[in-house]
Amino acid sequence: MRIKNLYLKNFRNYEEETFSFDGGLNVLYGRNAQGKTNCAEAVFYLCTGTSPRAKKEKQLIRAGEHAALIRADAESRFGSVHIEADIYENKREIRVNGMKISRNADLLGNINGVFFSPSELRLVQDGPDERRRFLNVSISQLSKSYYTALIRYNKILEQRNALLKNRDLGLVFETLPVWDAQLCRYAAEIAEKRQAFIAELAPVAEERHAYLTDGAEKLEIFSEKKYPAAKEEIERKLSEEFAQNYERDVRLGFTASGPHRDDLKILIGGEEARVYGSQGQARTAALAIKLAELEIFKNHAGEYPVLILDDVMSELDLPRRRKLLQKLDGVQTVLTCTHTEKVLFGKTVNKIRIAGGKIKR
């Protein structure tokens with residue numbers, strides 16, 4: 001899978017620019033705050049329909065403008081795909097091969113992408129929300145049914161939580177089983193696919209981590225909560241769990257259990273990385289997880305996704321930079337950095353210098 005070209009208009013600090021990408025390593029370089037990360041962000045937006053940085057669409061629009069456009073041509077083993085995204089202050093319109101799509105689910109899977117930046121340390125160091133976000137973004141690209149179940153689960157959960165705040169307790173206890181029947185169906189889909197993804201991710205991440213650290217430390221990843229193997233059993237277990245905790249949930253005013261509360265445990269040398277890991281350990285663990293994610297995409301989609309590495313080289317010593325690049329053979333990579341290093345990159349990469357939101361040729 002590879003992106004051949006990327007066109008930006010009024011996106012972040014870009015007035016209008018077209019990028020041509022090679023199938024291997026593409027290095028966007030230049031001083032800080034010139035637009036390198038903005039380009040990387042645009043690539044990932046076309047992969048997932050979401051920004052790894054912005055909470056609102058209007059943040060993506062160039063100052064003083066009312067709309068932005070991102071457009072790309074890509075190739076995969078299934079053929080060519082053309083994706084466009086018109087972004088307005090309060091809405092957006094996405095087209096795949098000229099056809100407007102109404103659901104984000106229809107965008108996912110056209111261009112798969114894995115994104116890594118220094119901020120991805122949140123995956124290791126922050127709370128459970130960040131680890132669930134990682135799972136959701138990754139699995140949604142591989143499974144539209146997972147993404148659909150996630151959207152529906154969250155909507156029903158919102159309605160269940162609103163019900164729990166109602167002071168008419170008779171109505172609450174009478175109505176909760178109705179919501180739970182729907183909630184558990186989608187929860188089982190989410191839990192089953194997360195469990196399978198983690199089981200596939202863990203051994204590969206452990207191997208990649210051992211490679212990056214020369215075997216100095218062991219990385220372990222597992223789900224904090226264990227579910228049965230069969231989806232029907234997961235649904236039954238969750239139904240019982242919700243029913244047993246009605247009084248607790250009413251007292252709290254929200255649903256205190258379910259996939260929206262699950263966490264992913266990350267251990268380094270047997271210790272929880274979030275609590276005891278150093279900054280360097282967290283960085284290496286997060287990078288190992290992202291490299292493992294690449295392999296999972298290849299196993300499921302039959303080809304590597306586009307890898308986006310934003311300002312990663314500055315955070316690694318030279319031996320680990322070299323080790324990282326050795327693992328990128330056959331992977332289209334968009335890498336941002338402040339300067340190119342001949343000793344590291346050689347002459348066979350596509351180098352693009354960025355200054356002030358423009359390509360300097």
Per residue, in Å², the accessible surface of segment 209-361 once ligands and nucleic acids are set aside, probe 1.4 Å = 48
query = What figure in square angstrom, to the nearest 10, would you give for the accessible area of ASP22 with a 1.4 Å probe?
reply = 70
query = Does anyone have the angle between helix 144-164 and the longest principal axis of the chain? Alpha-carbon axes, 0 to 90°, nearest 10?
reply = 50
task = Might you tell me the accessible area per residue for segment 1-117, computed with a 1.4 Å probe and given in Å²?
result = 45
Carbon plus sulfur fraction of accessible area for the chain, probe 1.4 Å, in percent = 47
remark   = Per the C-alpha gyration tensor (a ≥ b ≥ c, the square roots of its eigenvalues), segment 1-114 is rounded if a/c is under 1.5, else prolate if a/b beats b/c, else oblate; here it's oblate
inquiry  = To test your reading of the geometry: what angle, between 0 and 90 degrees and rounded to tens, separates the Cα axis of helix 128-142 from the longest principal axis of the chain?
reply    = 70
query = Excluding ligands and nucleic acids, what accessible area in Å² is computed for LYS56 using a 1.4 Å probe, to the nearest 10?
reply = 130
query = For segment 58-146, what class follows from the C-alpha gyration tensor (a ≥ b ≥ c being the square roots of its eigenvalues): rounded when a/c is under 1.5, otherwise prolate if a/b is larger than b/c, else oblate?
reply = oblate
task = Choose one answer from ALA63, ALA72, ALA105: the residue with the largest mean-square fluctuation in a GNM of the chain with alpha-carbon springs under 10 Å.
result = ALA63
query = Going by a ≥ b ≥ c, the root eigenvalues of the Cα gyration tensor, does segment 157-238 fall in the rounded group (a/c under 1.5), the prolate group (a/b larger than b/c) or the oblate group?
reply = prolate
message = How tilted is helix 231-244 with respect to the longest principal axis of the chain? Cα atoms for both, answer in degrees (0 to 90, nearest 10).
response = 60
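The values are calculated or read from the model by the stated rules, or taken from the named source; none is laboratory data. Fair warning: this is a prediction, and the values are worked out from it, not measured in the lab. Heavy atoms of the whole protein, side chains included, go into the accessibility calculation; ligands, DNA and RNA do not. Shrake-Rupley method; radii C 1.70, N 1.55, O 1.52, S 1.80 Å.
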